[in-house]
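Remarks on the structure that follows.
Every number in this text was worked out from the coordinates using simple rules, so none of it is lab data. Quantities reported herein were computed from a predicted structural model and do not represent experimental measurements. Cβ coordinates were reconstructed from backbone atoms using ideal geometry, including for glycine residues, and neighbour counts include every protein chain displayed.
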Amino acid sequence: MRQAKHTLPYLLLLLPLLFGGCRVSYTFSGASISPEMKTVSIARFPNNALLVAPILSSTLTEALQDRFARQTKLTLVPEGGDLNFEGEITNYTSTPAAISGDEYAVLNNLTITVRVRFTNSVDPALNYDKTFSAFSTYESSKLLQEVEPTLIPEIVEQLVEDIFNAAVSNW
């Protein structure tokens, strides 16, 4: 028993050596980014939807760039990053969400759909070409142009969360 007390500290010192070859970087954002990754490139997301909101393309692109700048240690580069994002806004629509008893819409949904092509140069098995969609509800008594300045950032935040998680939260 006495010998076991003396060997425990040595075993504890050896544990880091046994697992030292396995490295994965974890952050509080939930991201799992390999230490070999150093850069990320995020191309401008053009608005190819039939209905176009002038601020949407820049708002989405900048929000995704900001998310990676704030929550990872990756350096943002114009192109050819270890992680690369490109795509386009494919849909921007306002549709009825709730109908009243006299068949008038009382609530509408503003929906934004984005197609994203993600390339991971370190682990190509994680590459994807996906469509992401998010919406927010607003009162139909208001014009879309009135609520866009509030709803677009809110919807973009949801989209960026989904895109970010699909790319770097591999669990």
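Go through (1) polar (S, T, N, Q); (2) crowded, with 16+ Cβ neighbours inside 10 Å; (3) more than 16 Å from Ala166 (Cα to Cα) and name the single condition Thr72 misses.
Failed condition: (3).
Which one is nearest to Asn127 (Cα to Cα) among residues in the range 85-117 that are surrounded by 15 or more Cβ atoms within 10 Å (Cβ to Cβ) and aliphatic (A, V, I, L, M)?
The qualifying residue nearest to Asn127 (Cα to Cα) is Val116.
Please go through the range 136-171 and give me each residue that is surrounded by 15 or more Cβ atoms within 10 Å (Cβ to Cβ), more than 21 Å from the chain's Cα centre (by Cα) and not in a helix (DSSP H, G or I), ordered by number.
If the condition is that a residue be surrounded by 15 or more Cβ atoms within 10 Å (Cβ to Cβ), more than 21 Å from the chain's Cα centre (by Cα) and not in a helix (DSSP H, G or I), then Tyr138, Ser140 are the ones that fit.
Quick one: count up the residues across the range 30-48 that are surrounded by 18 or more Cβ atoms within 10 Å (Cβ to Cβ) and farther than 17 Å from Leu83 by Cα.
Step one: of the range 30-48, the residues surrounded by 18 or more Cβ atoms within 10 Å (Cβ to Cβ) are 31, 33, 37, 40-42, 45, 47.
When the remaining residues are screened for being farther than 17 Å from Leu83 by Cα, the result is 47.
Count: 1.
Within the range 93-100, can one find any residue that is within 22 Å of Asn165 (Cβ to Cβ) and in contact with a Leu (Cβ under 8 Å, 6 or more places away or on another chain)? Show your work before the answer.
Applying the first criterion (within 22 Å of Asn165 (Cβ to Cβ)) to the range 93-100 yields none.
Within the range 93-100, not a single residue is within 22 Å of Asn165 (Cβ to Cβ) and in contact with a Leu (Cβ under 8 Å, 6 or more places away or on another chain).
Collect the residues in the range 44-72 that are in a helix (DSSP H, G or I), more than 12 Å from the chain's Cα centre (by Cα) and in contact (Cβ under 8 Å) with a residue 40 or more places away in the chain, keeping them in residue-number order.
Leu56, Thr59
Report the residue count in the range 73-88 for those that are touching a helix residue (DSSP H, G or I) at 6+ places or on another chain (Cβ under 7 Å) and in a loop (DSSP other than H, G, I, E, B).
Of the residues in the range 73-88, the ones touching a helix residue (DSSP H, G or I) at 6+ places or on another chain (Cβ under 7 Å) are 74, 76, 83, 85.
This time we only want the ones that are in a loop (DSSP other than H, G, I, E, B), so: 74.
Final tally of qualifying residues: 1.
I need the full set of residues from the range 118-135 which are surrounded by fewer than 14 Cβ atoms within 10 Å (Cβ to Cβ) and among the charged types (D, E, K, R), in order please.
Once the filter is applied, which keeps residues that are surrounded by fewer than 14 Cβ atoms within 10 Å (Cβ to Cβ) and among the charged types (D, E, K, R), the range 118-135 yields Asp123, Asp129.
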